[in-house]
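The values are calculated or read from the model by the stated rules, or taken from the named source; none is laboratory data. It should be emphasised that the depicted structure is a prediction, and the values quoted were computed from it without experimental measurement. Methodologically, a virtual Cβ is constructed for each residue, glycine included, from the backbone with ideal geometry; neighbour enumeration extends over all protein chains shown.
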Amino acid sequence: MGAEQSVPAAGEGGAAAAAGDPAQAAAPAQPGTSQPFPKALVIVGPSGVGKGTLIQELLRRDPQRYAFSVSTTTRAPRPGEQDGVHYAFTSKEAMMAAISRGEFLEHAEVHGALYGTRRDGVQAALAAGRVPLLDIDVQGARQVRASGLPALLVFVAPPSLEELERRLRGRGTDGEAQTQRRLGAAKGEIRSLNEKGLYDYLLINEGLGETADALARIAARAAAGLDAEPGHVPERVILEDDADGGGEGEAEEEDGAAAASVATTDGGTVASGAAQPRGGPSSSSGRGGGGGGGGGSGGFPAPGRVAPAPAAGPSPAAAAAELAAGLSRWRGRVALVTGASSGIGRAACVALGRAGLRVVAVARRRERLEELQRHMLGPEVGMAAVDFLPVVCDVTKEAEVQALPRIVLKRWPERGVDVLFNNAGLARK
């Protein structure tokens with residue numbers, strides 16, 4: 001979504017099974033069979049990192065085991081695109097109605113068009129004993145994790161930002177501005193590795209063969225219905241511009257060359273290089289932008305393989321998972337947050353948005369709400385514009401407070417406010 005979906009070639013397939021031995025403990029079996037319930041396999045990563053090529057390779061190795069999830073979109077078909085193969089094309093009105101009915105597992109708005117994954121397609125694949133393959137972006141991954149869908153989430157990273165730039169330019173499909181936007185977006189996507197409990201595995205795509213083998217081993221676990229093995233995502237990833245004083249995800253990025261490298265340190269993973277202009281997802285031939293394998297120097301831990309286990313110690317992943325599980329039952333409902341532009345109100349907006357709730361952000365200062373809106377719709381949170389409603393309101397004035405329900409109903413006629421997070425100062429005069 002934030003970048004569009006990479007589409008495997010239709011009908012490609014072979015007889016080779018995915019490599020690897022899935023697992024120690026057996027997963028529950030499907031009723032009436034000895035076959036385990038599979039999990040979905042969610043593949044996330046920057047545009048140009050090679051997600052589409054890796055998905056094609058999984059389908060080639062075992063087309064009966066895997067089922068590619070075709071995304072729905074409201075944008076017009078491009079030359080050569082087939083409805084139901086590359087995308088399921090629909091109208092914005094029809095898709096928004098389906099979203100309101102809870103028919104989408106995840107969705108986002110990109111450049112005025114909606115993209116999303118329908119629940120029924122994923123559920124049908126699981127019911128047939130196949131592993132649904134989802135090629136989505138960070139915001140979609142957050143929604144899938146919050147939904148409670150049994151899934152393994154894999155982040156595919158380039159060996160370096162410099163190598164990612166080389167691959168993007170090698171495709172020859174983008175102009176300079178588009179390439180810079182993709183590189184800027186890649187930084188935000190890499191930062192999402194710091195969201196504890198979001199991903200189960202990190203793979204570094206230094207070469208197609210080795211990375212495909214590693215992904216096949218993970219896919220075999222998904223097919224066997226097994227949980228993720230612990231310790232395959234680093235404790236922390238730091239971009240150089242963050243380490244030099246900018247806040248994580250908050251640093252102002254200037255125009256500049258895309259040269260960069262990625263290296264590990266005792267304190268985590270550090271990606272270095274010139275800052276890129278922050279940019280939203282772009283419209284390429286796929287939701288994730290596609291792109292092949294390739295080599296490169298520098299790297300995250302264990303390039304081309306599953307990342308090594310982090311240092312032992314207490315992890316906040318369990319707390320993050322518990323929070324997501326608690327909020328997931330409210331997914332799609334409307335939460336109104338007062339005092340939303342700073343402090344705990346802002347943090348509440350972020351947590352609620354990542355959990356898939358619709359957020360009404362209420363604050364007195366327009367400029368702070370505008371900044372919050374940019375953050376909520378950007379790659380750090382990844383909300384769809386249709387799910388975020390900023391409202392300038394002084395909650396000490398009764399007439400303005402009384403207008404809030406009407407404003408909410410105008411945006412979402414089928415809903416009222418389900419959750420109220422009151423962060424307004426109670427002693428304010």
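Applying the selection to the range 378-399, what residues are in a helix (DSSP H, G or I) and surrounded by 16 or more Cβ atoms within 10 Å (Cβ to Cβ)? Can you show your working first?
Applying the first criterion (in a helix (DSSP H, G or I)) to the range 378-399 yields 385-387, 398-399.
Passing the criteria: Val386, Asp387.
For (1) among the charged types (D, E, K, R); (2) modelled with pLDDT under 90, each residue gets a yes or a no:
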site	(1), (2)
Arg305	yes, yes
Gly313	no, yes
Ala324	no, yes
Ser342	no, yes
Cys349	no, no
Met376	no, no
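Considering each residue of the range 40-56, count those that are in a loop (DSSP other than H, G, I, E, B) and of a type in the set (S, T, N, Q), and give that number.
Summing the residues that are in a loop (DSSP other than H, G, I, E, B) and of a type in the set (S, T, N, Q) in the range 40-56 gives 1.
Quick check: is even one residue across the range 123-142 assigned by TED's automatic domain parsing to the domain that holds Ile55, assigned to a helix (DSSP H, G or I), in contact with a Leu (Cβ under 8 Å, 6 or more places away or on another chain) and small (Gly, Ala, Ser)?
Yes, the conditions are met somewhere in the range 123-142.
For Gly140, which of the numbered conditions (1) surrounded by fewer than 23 Cβ atoms within 10 Å (Cβ to Cβ); (2) in contact (Cβ under 8 Å) with a residue 60 or more places away in the chain fails to hold?
(1)
Quick check, is Thr90 surrounded by fewer than 22 Cβ atoms within 10 Å (Cβ to Cβ) and of a type in the set (Val, Ile, Thr)?
Details: surrounded by fewer than 22 Cβ atoms within 10 Å (Cβ to Cβ): yes; of a type in the set (Val, Ile, Thr): yes.
It is true that Thr90 is surrounded by fewer than 22 Cβ atoms within 10 Å (Cβ to Cβ) and of a type in the set (Val, Ile, Thr).
Quick one: is Leu152 surrounded by fewer than 23 Cβ atoms within 10 Å (Cβ to Cβ) and out of contact with any Pro (no Cβ under 8 Å at 6 or more places or on another chain)?
Values: surrounded by fewer than 23 Cβ atoms within 10 Å (Cβ to Cβ): yes; out of contact with any Pro (no Cβ under 8 Å at 6 or more places or on another chain): yes.
Here the answer is yes, as Leu152 does meet what is asked.
If you go through the range 201-219 one residue at a time, do you hit one that is within 22 Å of Glu109 (Cβ to Cβ) and in the same structural domain as Lys51 (by TED's automatic domain parsing)?
No, the range 201-219 has no match at all.
I need the full set of residues from the range 81-105 which are assigned to a helix (DSSP H, G or I) and over 22 Å from the mean Cα position of the chain (by Cα), in order please.
Matches in the range 81-105: Glu93, Ala94, Ala97.
Do we find a residue being of a type in the set (S, T, N, Q) and at pLDDT 90 or above anywhere in the range 109-131? Talk me through it step by step, then tell me what you get.
To start, the set of residues in the range 109-131 that are of a type in the set (S, T, N, Q) comprises 117, 123.
Next, only the ones that are at pLDDT 90 or above stay: 117, 123.
Scanning the range 109-131 turns up at least one residue that is of a type in the set (S, T, N, Q) and at pLDDT 90 or above.
Yes/no per residue for (1) buried (at least 23 other Cβ atoms within 10 Å of the Cβ); (2) without any contact (Cβ under 8 Å) to a residue 12 or more places away in the chain; (3) of a type in the set (S, T, N, Q):
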position	(1), (2), (3)
Lys39	yes, no, no
Gly45	yes, no, no
Gly50	yes, no, no
Arg60	no, no, no
Pro63	no, no, no
Ser71	yes, no, yes
Gly80	no, yes, no
Met96	no, no, no
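Kindly indicate whether Arg368 is in contact (Cβ under 8 Å) with a residue 12 or more places away in the chain and touching a Cys at 6+ places or on another chain (Cβ under 8 Å).
When the stated conditions are applied, Arg368 does not pass them.
Answer yes or no as to whether Ala385 is within 27 Å of Ala146 (Cα to Cα) and in the same structural domain as Gly345 (by TED's automatic domain parsing). Steps first, answer last, please.
Working: within 27 Å of Ala146 (Cα to Cα): yes; in the same structural domain as Gly345 (by TED's automatic domain parsing): yes.
Judged against the criteria, Ala385 is a match.
In this structure, is Arg406 of a type in the set (Lys, Arg), surrounded by fewer than 16 Cβ atoms within 10 Å (Cβ to Cβ), not assigned by TED's automatic domain parsing to the domain that holds Glu103 and not in a loop (DSSP other than H, G, I, E, B)?
Values: of a type in the set (Lys, Arg): yes; surrounded by fewer than 16 Cβ atoms within 10 Å (Cβ to Cβ): yes; not assigned by TED's automatic domain parsing to the domain that holds Glu103: yes; not in a loop (DSSP other than H, G, I, E, B): yes.
Yes.
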